[in-house]
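A.B. asks: Below is the structure I would like to discuss, written out as structure tokens.
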Amino acid sequence: MRARVAVMGATGSIGTSTLDVIARNPERFDVFALTANTNADALEALIRTHRPRYAVLTEASAAAGLSAKLGHCGTEMLSGPEALVEVAAHPDCDAVMAGIVGGAGLESSFAAAAAGKRLLLANKEALVMSGSLFMQAVGRSGATLLPVDSEHNAIFQSLGNSRQTGTGVRRLLLTGSGGPLLRTPLEALARVTPDEACAHPNWDMGRKISVDSATMMNKGLEVIEACWLFGVSVDAVEVVIHPSSMVHSMVEYVDGSVVAQMGSPDMRTPIANALAWPERIESGARALDFAGMTPLEFEPVDLARFPCLRLAMDAARSGQAAAIILNAANEVAVERFLDELIGFTQIEEVIAETLGRVPTRAIGSIGDVLELDGEARHAARGVAAG
Ligand code: NAD
Ligand code: MG
């Protein structure tokens, strides 16, 4: 029987790559639902190609307009954030690709975890925001949580038997390219434009994660993500700069072995791995050319250049509330930067100042997460407005 897949954030970079892999393997997958925020035209094209049972647009009037345009095509249009939760937890849905960007994906990702789905997690912010609650929901429901983030998928593959035994691992080595600003003179960083920050040398991604890659906040969020996914402490995760993005991450064992996963920088590889695990399917990704490859280079990360990474590591040590505040302030600061309201180096300043202003507290429910997230966003907007 074909797996019925809900593709959350279908119009985005992860969503598009997921649908590409699904289209290459029509005998295995059936698109159950497609969701998008506001881009009705892009969603319409996807609906006509993939014929899902449900489609969701965040805004009700846009959803009504698209529904009228589609007529009786076999797809039911839904709207609003509650519809995201409805399709992700629907009893007829087998697998959920969590490809919404940011905290907007928290509730649907969590709902899929709580409903025991096969959950393909790209939406790292959801795990950063809700850590232990998320992992408890997975444990209670028996959901199969498969990491899509390329580093975490690489670690998942490299862990082999240690995933079951839980023994023998010394460190997780998270690789990061260093982004487009790795060699930019420090004094020039303040003048970096949104387009320069989004011009990633190896990966073609949405604008939010592209800016996160330029500040390396992305790697910071990934450190927190790795701690939850693999049950390790921050001190057991090391970030290594690897500019060509061919080694996607590594596991170092107590016997000195280091196991790495390699591949061309193409998200269809980890997406295909998560879709088909424990089997393997065609992804469309180009094979690595070892004869023509640039040398594999690694270097330590410079925290003076990437202060956002330090903020994230500190938040990871501090606890859940700090991670929520960090993530919320980062989302606000990146949005302000993309709108050219603040400069590139102010992203870190807004996050640090927000972390200083918003007190931490115990987090016991998703309601607590959302409340603190809202407070932190409000504070960050105030800080960014200066
Ligand atoms: P994107 O901006 O390209 O796409 C985001 C998708 O989410 C779109 O379909 C958009 O319509 C939807 N969306 C945005 N705001 C929404 C809202 N408020 N409500 C409902 N839907 C909303 O982003 P992306 O690059 O595909 O990233 C998606 C997630 O995957 C992020 O969490 C990112 O960190 C993670 N990720 C992405 C990549 C990559 O290569 N793009 C790699 C690793 C992890
Ligand atoms: Mg990644």
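The values are calculated or read from the model by the stated rules, or taken from the named source; none is laboratory data. On a predicted model such as this, the values are computed, not experimentally measured, just so you know. So basically every Cβ, Gly included, is an ideal-geometry build from the backbone, and we count neighbours across all protein chains shown. Note: areas computed on protein heavy atoms with side chains; ligands, DNA, RNA excluded. Shrake-Rupley method; radii C 1.70, N 1.55, O 1.52, S 1.80 Å.
A.B. asks: Can you confirm whether residue 47 is closer than 17 Å to residue 97 by Cα, within 16 Å of ligand 2 (Cβ to nearest atom) and among the aliphatic types (A, V, I, L, M)?
C.D. replies: No: the conditions fail for residue 47.
A.B. asks: Which members of segment 10-27 meet the condition of being among the charged types (D, E, K, R) and either touching a strand residue (DSSP E or B) at 6+ places or on another chain (Cβ under 7 Å) or more than 14 Å from residue 49 (Cα to Cα) (or both)?
C.D. replies: If the condition is that a residue be among the charged types (D, E, K, R) and either touching a strand residue (DSSP E or B) at 6+ places or on another chain (Cβ under 7 Å) or more than 14 Å from residue 49 (Cα to Cα) (or both), then 27 is the only one that fits.
A.B. asks: Residues of segment 312-370 being part of a helix (DSSP H, G or I) and of a type in the set (S, T, N, Q), which ones?
C.D. replies: Of everything in segment 312-370, those that are part of a helix (DSSP H, G or I) and of a type in the set (S, T, N, Q) turn out to be 318, 320, 327, 330, 346, 354.
A.B. asks: Right, next: Specify the residue that is surrounded by the most Cβ atoms within 10 Å (Cβ to Cβ); the eligible residues are those in segment 124-144 that are away from ligand 2 (no atom under 16 Å from the Cβ) and aliphatic (A, V, I, L, M).
C.D. replies: Checked segment 124-144; the qualifying residue surrounded by the most Cβ atoms within 10 Å (Cβ to Cβ) is 129.
A.B. asks: Scanning segment 193-234 for residues that are open to solvent by 10 Å² or more (accessible area, probe 1.4 Å) and in contact with a strand residue (DSSP E or B) (Cβ under 7 Å, 6 or more places away or on another chain), which turns out nearest to ligand 2 (Cβ to nearest atom)?
C.D. replies: So the residue we want is 219.
A.B. asks: Which residue out of 68, 63 is closer than 30 Å to residue 370 by Cα and either open to solvent by less than 20 Å² (accessible area, probe 1.4 Å) or more than 10 Å from ligand 1 (Cβ to nearest atom) (or both)?
C.D. replies: Answer to the check: 63.
A.B. asks: Looking at (1) within 16 Å of ligand 1 (Cβ to nearest atom); (2) without any contact (Cβ under 8 Å) to a residue 24 or more places away in the chain; (3) not hydroxyl-bearing (Ser, Thr, Tyr), which is the only condition residue 179 fails?
C.D. replies: It fails just one condition, (2).
A.B. asks: Okay, next question. Do you know which residues across segment 150-170 are open to solvent by less than 80 Å² (accessible area, probe 1.4 Å) and out of contact with any Pro (no Cβ under 7 Å at 6 or more places or on another chain)?
C.D. replies: Result: 151, 152, 154, 155, 157, 158, 159, 160, 162, 166, 168, 169.
A.B. asks: Moving on. Consider residue 102 against the criteria (1) among the small types (Gly, Ala, Ser); (2) more than 15 Å from ligand 1 (Cβ to nearest atom); (3) crowded, with 19+ Cβ neighbours inside 10 Å: it satisfies all of them except one. Which criterion is unmet?
C.D. replies: (2)
A.B. asks: Check segment 248-263 and report whether any residue there is free of Cβ contacts under 8 Å to residues at least 12 places away in the same chain, over 19 Å from the mean Cα position of the chain (by Cα) and surrounded by fewer than 18 Cβ atoms within 10 Å (Cβ to Cβ).
C.D. replies: Checked against the condition, which is being free of Cβ contacts under 8 Å to residues at least 12 places away in the same chain, over 19 Å from the mean Cα position of the chain (by Cα) and surrounded by fewer than 18 Cβ atoms within 10 Å (Cβ to Cβ), segment 248-263 yields at least one hit.
A.B. asks: Same structure, new question: So, in segment 105-123, how many residues would count as being on the phi < 0 side of the Ramachandran plot and open to solvent by 10 Å² or more (accessible area, probe 1.4 Å)?
C.D. replies: The number of residues fulfilling the criteria is 8.
A.B. asks: Hey, another quick one. If I ask for residues that are crowded, with 18+ Cβ neighbours inside 10 Å and either among the hydroxyl-bearing types (Ser, Thr, Tyr) or more than 21 Å from residue 148 (Cα to Cα) (or both), which ones from segment 17-36 would you list?
C.D. replies: 17, 18, 35
A.B. asks: Same structure again: Against the definition (among the hydroxyl-bearing types (Ser, Thr, Tyr) and either farther than 23 Å from residue 270 by Cα or more than 16 Å from ligand 2 (Cβ to nearest atom) (or both)), how does residue 38 come out, yes or no? Steps first, please.
C.D. replies: Values: among the hydroxyl-bearing types (Ser, Thr, Tyr): yes; either farther than 23 Å from residue 270 by Cα or more than 16 Å from ligand 2 (Cβ to nearest atom) (or both): yes.
Against the criterion (among the hydroxyl-bearing types (Ser, Thr, Tyr) and either farther than 23 Å from residue 270 by Cα or more than 16 Å from ligand 2 (Cβ to nearest atom) (or both)), residue 38 qualifies.
A.B. asks: Sticking with this structure for a sec: Of the residues 366, 351, only one is open to solvent by less than 20 Å² (accessible area, probe 1.4 Å), out of contact with any strand residue (DSSP E or B) (no Cβ under 6 Å at 6 or more places or on another chain) and outside the structural domain of residue 217 (by TED's automatic domain parsing); which?
C.D. replies: Of the residues listed, the single one that is open to solvent by less than 20 Å² (accessible area, probe 1.4 Å), out of contact with any strand residue (DSSP E or B) (no Cβ under 6 Å at 6 or more places or on another chain) and outside the structural domain of residue 217 (by TED's automatic domain parsing) is 351.
A.B. asks: Criterion first (in contact (Cβ under 8 Å) with a residue 60 or more places away in the chain and either closer than 25 Å to residue 280 by Cβ or within 24 Å of the chain's Cα centre (by Cα) (or both)) does residue 102 satisfy it?
C.D. replies: Yes; evaluated as a whole, the condition is true for this residue.
A.B. asks: Another question, then. Among the residues of segment 246-285, count how many are more than 15 Å from residue 150 (Cβ to Cβ) and part of a loop (DSSP other than H, G, I, E, B).
C.D. replies: Selection size over segment 246-285: 10.
Residues checked against (1) touching a strand residue (DSSP E or B) at 6+ places or on another chain (Cβ under 7 Å); (2) touching a residue at least 12 places away in the same chain (Cβ under 8 Å); (3) closer than 24 Å to residue 209 by Cα; (4) among the acidic types (Asp, Glu):
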| site | (1), (2), (3), (4) |
| --- | --- |
| 35 | yes, yes, yes, no |
| 64 | no, yes, no, no |
| 68 | no, no, no, no |
| 79 | yes, yes, no, no |
| 83 | yes, yes, no, no |
| 96 | yes, yes, yes, no |
| 110 | no, yes, yes, no |
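A.B. asks: Moving on to the next point. Here are some conditions: (1) over 22 Å from the mean Cα position of the chain (by Cα); (2) under 30 Å from residue 233 (Cα atoms); (3) in contact (Cβ under 8 Å) with a residue 12 or more places away in the chain. Residue 324 meets all but one. Which one does it not meet?
C.D. replies: Of everything listed in (1) over 22 Å from the mean Cα position of the chain (by Cα); (2) under 30 Å from residue 233 (Cα atoms); (3) in contact (Cβ under 8 Å) with a residue 12 or more places away in the chain, residue 324 misses just condition (1).
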